[in-house]
Amino acid sequence: MTMPRREFVKAAAVASVLPSIARGAHARGSDTLKIGLIGCGGRGTGAASQALRADPGNVLWAMGDMFDDRLTSCHERLTDVFKDAPGRIDVAPERRFLGFDAHQRVIDAGVDVVLLTSYPHFRPSHLEAAVHAGKHVFCEKPMGVDAPGLVRVRAASELAREKGLTLVSGFCWRYANAERAAFAKLHEGVIGDVLSVHTTYHTSTLTKRPRRPEWSDMEFQLRNWWHFTWLSGDHIVEQACHSIDRLAWAMNDKTPARCVAIGGRAARTGEESGNSFDHFGVVYEYDDRRRAFHTCTQIDRTPSDNSDYITGSSGTGEINGWKPIHAFRDRTGKVIWSYEGPSRDMYQNEHDVLFASIRAGEARNDGPWMCNSTMMALMGRMAAYTGQTITWDQAWASVEDLSPPAYEMGPLAYPALAVPGQTPFR
Ligand SMILES: NC(=O)c1ccc[n+]([C@@H]2O[C@H](COP(=O)([O-])OP(=O)(O)OC[C@H]3O[C@@H](n4cnc5c(N)ncnc54)[C@H](O)[C@@H]3O)[C@@H](O)[C@H]2O)c1
């Protein structure tokens, strides 16, 4: 296979974020790492490609999804992408699994590494199962949709550390060259002390899939997962968690003492919109009295912005990975630093780090900060839904479990929209 190997070599050469790859150092002494993909949608297809490109010894060995159409289209796509690489896609029909227990059957299919790229609701149970079975993990963000789930993720992350398993999170900006350089510069003090941060994730609405007669209520909600809080966590958790993670990064991963938030639904329509809000604004308060701010919207025909605005004691910073802008200014507005280096695909970087760590036998563990960033998003949602101030400790102690009564295709109540001041904190 030509392309993945060439990209792998190029990647290893230019990626300053990567540790060196010790070939053959895989704990089991095999040159092949078998990959199991759990969640064969857009991100899963991408993650599987990146995993295969990260190391020429990697093989896609098992796949699991809730739905046949998603698994089949993913398999077809990957087969096409790797058509010049015989053997890299080696998912025999008996290693393609469907339904609510597909993850366990992938894990039990003899894989070394699993890619967890299904809906956020399932992340805690999938991560637990993978770590208990001794698998290395790539774990997409967010890590859960409620505190009880995130507590399980935190415990599974700790168990991964004890077992020497690598756990890489899908908070991809932490693996982007420009962001790594910019946040390092920030923490070196290029604009003095960080006084405040405002991160934004202002965008338009996501896909809506109209109900089909053959779909049960459960399938309808699964197919429109972004808009149902029990599945996605709402967009502040599912999508804007990237920006909340960068807020946390800018604050040097100090956790907030409490937050207050506003939010609601101004423009969403249709039953596919579930019970998600379309705007949130959160004020995080720290025990040293600093404040940091996050705003996110999913409203069509409004301006987009996905930036980090940082105020320091001697200047300001602006980071926008998409434009891209990575610049720090002094108080006069003069640019005193901007990123000039290479920018490789951050998603590829994640997988290069994951597999380099496995090959080297040096387990990497993103657990603590990936859980904290997810919790910051969750506490923002809790504060917005209830209209109450939520402390960090309260958020972790929340007993609200968003799981449905049963995991089966069939009737499922349509969830209610939260109303600040009326929806209780639990
Ligand atoms: N890091 C990033 O930049 C980034 C980008 C996109 C998505 N994501 C994250 O990746 C995850 C997937 O997003 P997506 O855009 O690929 O969504 P998607 O809907 O395209 O794919 C998700 C897939 O998971 C499957 N699935 C659902 N429940 C499952 C279960 N219990 N077991 C097995 N498969 C199951 C679905 O059928 C679907 O095929 C989400 O957590 C999302 O937030 C991250």
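Structure notes:
- The C-beta contact set for region 88-113 (first residue near the ligand (Cβ under 10 Å from one of its atoms), second residue assigned to a strand (DSSP E or B) and among the small types (Gly, Ala, Ser), distance under 6 angstrom, 6+ apart or interchain) comprises Phe97/Gly64; Ala102/Gly64; His103/Gly64; Val106/Gly36; Val106/Ala62; Val106/Gly64.
- Residue in region 247-255 that is under 17 Å from the mean Cα position of the chain (by Cα), surrounded by fewer than 21 Cβ atoms within 10 Å (Cβ to Cβ), at pLDDT 95 or above and within 26 Å of Arg291 (Cα to Cα) present: yes
- Of the residues in region 222-231, not one is within 24 Å of Gly264 (Cβ to Cβ), of a type in the set (D, E, K, R) and touching a helix residue (DSSP H, G or I) at 6+ places or on another chain (Cβ under 9 Å).
- Of residues in region 220-246 being closer than 18 Å to His198 by Cβ and in contact with a Lys or Arg (Cβ under 6 Å, 6 or more places away or on another chain), the one surrounded by the fewest Cβ atoms within 10 Å (Cβ to Cβ): Cys241
- Where helices (runs of 4 or more DSSP H) fall entirely within region 207-270, those with at least 3 residues that are small (Gly, Ala, Ser) are at 241-250.
- Options Gly361, Gly367: the member that is on the phi < 0 side of the Ramachandran plot and modelled with pLDDT of 95 or more: Gly367
- When each of Thr199, Thr207, Thr203, Thr229 is tested for being within 21 Å of the chain's Cα centre (by Cα) and modelled with pLDDT under 95, the lone residue that passes is Thr207.
- Scanning region 47-76 for residues that are within 13 Å of the ligand (Cβ to nearest atom), over 20 Å from Cys172 (Cβ atoms) and assigned to a helix (DSSP H, G or I) turns up Asp68, Asp69, Arg70, Leu71, Thr72, Ser73, His75.
- For region 27-46, filtering for residues that are surrounded by fewer than 24 Cβ atoms within 10 Å (Cβ to Cβ) and part of a helix (DSSP H, G or I) leaves 4.
Listed here are the residues, each with its yes/no results for (1) among the hydrophobic types (A, V, I, L, M, F, W, C); (2) assigned by TED's automatic domain parsing to the domain that holds Tyr286.
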position: Thr332; (1), (2): no, yes
position: Met382; (1), (2): yes, yes
position: Ala418; (1), (2): yes, no
position: Thr423; (1), (2): no, no
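- Residue selected from region 277-313 under the condition of a type in the set (A, V, I, L, M, F, W, C) and farther than 18 Å from Gly264 by Cα, by the criterion farthest from the chain's Cα centre (by Cα): Ile310
Conditions (1) under 27 Å from Trp230 (Cα atoms); (2) surrounded by fewer than 20 Cβ atoms within 10 Å (Cβ to Cβ); (3) outside the structural domain of Arg212 (by TED's automatic domain parsing), marked per residue:
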{"position": "Gly274", "(1), (2), (3)": "yes, no, no"}
{"position": "Tyr286", "(1), (2), (3)": "no, yes, no"}
{"position": "Arg290", "(1), (2), (3)": "no, yes, no"}
{"position": "Thr297", "(1), (2), (3)": "yes, no, no"}
{"position": "Ser313", "(1), (2), (3)": "no, yes, no"}
{"position": "Glu318", "(1), (2), (3)": "no, yes, no"}
{"position": "Phe328", "(1), (2), (3)": "no, no, no"}
{"position": "Val335", "(1), (2), (3)": "no, yes, no"}
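- Any hit, region 343-362, residues being buried (at least 23 other Cβ atoms within 10 Å of the Cβ) and aromatic (Phe, Trp, Tyr): yes
- Qualifying position, being within 12 Å of the ligand (Cβ to nearest atom), in the same structural domain as Gly42 (by TED's automatic domain parsing) and either at pLDDT 95 or above or in contact with a strand residue (DSSP E or B) (Cβ under 8 Å, 6 or more places away or on another chain) (or both), among Leu116, Leu150: Leu116
- Considering the conditions (1) in a helix (DSSP H, G or I); (2) more than 28 Å from Leu195 (Cα to Cα); (3) within 16 Å of the ligand (Cβ to nearest atom), Ser276 is excluded by exactly one of them, (1).
- His121 being assigned by TED's automatic domain parsing to the domain that holds Gln50, within 16 Å of Val353 (Cβ to Cβ) and out of contact with any Lys or Arg (no Cβ under 9 Å at 6 or more places or on another chain): no
- Of all residues making up region 102-134, the number that are assigned to a helix (DSSP H, G or I) and among the charged types (D, E, K, R): 3
- Single residue of Arg174, Arg180 found to be more than 14 Å from the ligand (Cβ to nearest atom) and of a type outside the set (Asp, Glu): Arg180
- Conditions (1) in the same structural domain as Ser314 (by TED's automatic domain parsing); (2) surrounded by 22 or more Cβ atoms within 10 Å (Cβ to Cβ); number of the one not met by Ala156: (1)
The values are calculated or read from the model by the stated rules, or taken from the named source; none is laboratory data. These numbers were taken from a predicted model, which means no experiment stands behind them. Cβ: placed from backbone, ideal geometry, glycine included. Neighbour counts: every protein chain shown.
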